[in-house]
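In what follows, a structure is listed as structure tokens, so that the remarks can point back to it.
The values are calculated or read from the model by the stated rules, or taken from the named source; none is laboratory data. This is a predicted model, so every value here is computed, not measured. Here Cβ is always computed from backbone atoms with ideal geometry, including for glycine, and neighbour counts include all displayed protein chains. The area values use the complete protein model at the heavy-atom level, side chains included, leaving out ligands, DNA and RNA. Shrake-Rupley method; radii C 1.70, N 1.55, O 1.52, S 1.80 Å.
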Amino acid sequence: MTDPIHIIGGGMAGSEAAWQAVSLGVPVVLHEMRPHVATFAHQTEGLAELVCSNSFRSDDDESNAVGLLHWEMRQAGGLIMEMGDAHSLPAGGALAVDRHAFSDAVTRRLSEHPLVTIERGEIAGLPPEDWSSVIVATGPLTSPALAEAVLALTGEDSLAFFDAIAPIVYADSVDLSKAWFQSRYDKGETEEDRTAYLNCPMDRAQYDAFIDALLAAEKTEFHDWERDTPYFEGCLPIEVMAERGRDTLRWGPLKPVGLTNPHDPSVKPHAIVQLRRDNALGTLYNIVGFQTKMKYGAQTSVFSMIPGLENAKFARLGGIHRNTFLNSPRLLDGRMRLKARPSLRFAGQVTGVEGYVESAAMGLLAGRLAAAEQLGREPELPPATTAIGALLNHITGGAEAATFQPMNVNFGLFPPLGEGPKGRRGKKDRARAYTERAKSDWNHWISAF
């Protein structure tokens, strides 16, 4: 019998790693500490629980790097994408999922697989030496005991940054005499997609008053040991964005473009707050881009200033938590193995990729590489011209170790195309050239694996 792969962490990366390994015929033991050890952000004991947004972002595989990542994972038989597609919600050009149905489906599929053993309990420290293959996929909420053990093993100073959670609103508490349903630029193939977002308009006076209240609101105080922890730039609290300039939010999550207010079409809003459906029933909506570190009382007060949300009821308020990630360019080899102990392979957000699908993609690759090793093979790595290969290259040497921070997938991580369309008009053609090259190279790699 092939020795099992031990996977620590049952989130997006761990679940995908397990699925890829067993699909190649290698047994896995999936260790998940919940419900015995809780985290700040998780609410259930389900595998692949989505703790922040419910969006996998753009599903456009022709001109968007995230959509290309979706495509590559589907081509590799990815469980996360299969279950995401099965439990998708209308979201314009994005892929959003019903978070509870999605997690339940992933949990059920893995629980029922004969090569998967799920063990509940914390791995408090480094795993036993006799585990021949381990994937650490503990995500941003790695247990303190394991994080401290990795720190001691690697000699690093810290493994952390701050991340934030957006609030969720009950849909029936939104005032539809002020808000309306519409996706930006009416994106989507169906009417459901084209009306996937709730929009709350602000005039200049309302926006200015909102910004003033946001800046003055009482915020969460950090402990002394947390004070030097940086924020992740891709998931900044809304009040931190506001501190960077009064118009920062208007050109970020509150940008007033691609939408028309049917209640007063002649007036162009100064800013627009969007809410995205969070479950299949359409009873819950999350406020897009509204990650926050405001205290709970301040949140309900400040968010009630948004037109349409004056009487909003919250299923969950926002929050902030300390996340963990490795300085992967310094600590990992090209196959995501810890240089200080090669039997440990890392995957997911703990490696310094940011986002649900990026985390799952690194789990997909880690599961395949670990399974191949257990079977006595060492396959080629995916080309850097592919989305997964570009992420792998970035975290294992493409990024500068001295300034390494979590990164979403983007075409800036891909090798240049050489000669091609230039300027703004050529942007879409360049994106298509990236995706066409990636798809060809990915199909070649996956068929030879």
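Here are the numbers:
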| read-out | value |
| --- | --- |
| Test for LYS313: is it surrounded by fewer than 20 Cβ atoms within 10 Å (Cβ to Cβ) and in contact with a helix residue (DSSP H, G or I) (Cβ under 6 Å, 6 or more places away or on another chain) | yes |
| Residue list for the range 390-405, filter: surrounded by 22 or more Cβ atoms within 10 Å (Cβ to Cβ) and touching a strand residue (DSSP E or B) at 6+ places or on another chain (Cβ under 7 Å) | LEU391, HIS394, ILE395 |
| Pair list, Cβ under 6 Å, 6 or more apart: the range 280-292 residue open to solvent by less than 20 Å² (accessible area, probe 1.4 Å), other residue β-branched (Val, Ile, Thr) | TYR285/VAL169; ASN286/ILE168; PHE290/ILE238; THR292/ILE238 |
| Sole residue being under 21 Å from SER15 (Cβ atoms), touching a residue at least 24 places away in the same chain (Cβ under 8 Å) and of a type in the set (A, V, I, L, M, F, W, C), chosen from ALA372, ALA431 | ALA372 |
| Subset of the range 204-223 that is assigned to a helix (DSSP H, G or I) and aliphatic (A, V, I, L, M) - its residue that is farthest from GLY318 (Cα to Cα) | ALA205 |
| Pairs where the first residue, in the range 242-260, is under 25 Å from GLN182 (Cβ atoms) and the second is modelled with pLDDT of 95 or more and assigned to a loop (DSSP other than H, G, I, E, B), C-beta under 6 Å, 6+ apart | PRO256/PRO269; LEU259/GLN182 |
| Options ALA48, ALA86; residue that is open to solvent by 10 Å² or more (accessible area, probe 1.4 Å) and either at pLDDT below 95 or among the hydrophobic types (A, V, I, L, M, F, W, C) (or both) | ALA86 |
| Residues of the range 277-296 that turn out to be under 26 Å from GLU218 (Cβ atoms), among the aliphatic types (A, V, I, L, M) and part of a loop (DSSP other than H, G, I, E, B), as a count | 1 |
| Condition met for ALA152 (in a loop (DSSP other than H, G, I, E, B) and at pLDDT below 95) | no |
| Qualifying residue in the range 371-389 (condition: among the charged types (D, E, K, R), under 22 Å from the mean Cα position of the chain (by Cα) and surrounded by 13 or more Cβ atoms within 10 Å (Cβ to Cβ)) | no |
| Any hit, the range 262-276, residues being touching a residue at least 24 places away in the same chain (Cβ under 8 Å), under 16 Å from ILE306 (Cβ atoms), assigned to a loop (DSSP other than H, G, I, E, B) and among the polar types (S, T, N, Q) | no |
| Helices (runs of 4 or more DSSP H) completely within the range 12-106 that count 3 or more residues being on the phi < 0 side of the Ramachandran plot and touching a strand residue (DSSP E or B) at 6+ places or on another chain (Cβ under 7 Å) | 12-23, 65-75 |
| Count of residues meeting criterion [modelled with pLDDT under 80 and either part of a helix (DSSP H, G or I) or within 18 Å of ARG330 (Cβ to Cβ) (or both)] in the range 131-146 | 5 |
| Verdict on SER304 being free of Cβ contacts under 8 Å to residues at least 40 places away in the same chain and more than 18 Å from ARG204 (Cβ to Cβ) | yes |
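One line per residue, one yes/no per condition, for (1) acidic (Asp, Glu); (2) open to solvent by 10 Å² or more (accessible area, probe 1.4 Å); (3) over 21 Å from LEU413 (Cβ atoms); (4) modelled with pLDDT of 95 or more:
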position	(1), (2), (3), (4)
GLY67	no, no, no, yes
ARG74	no, yes, no, yes
GLU82	yes, yes, yes, yes
GLY93	no, yes, yes, no
SER103	no, no, yes, yes
THR107	no, yes, yes, yes
LEU110	no, no, yes, yes
HIS113	no, yes, yes, yes
GLU119	yes, yes, yes, yes
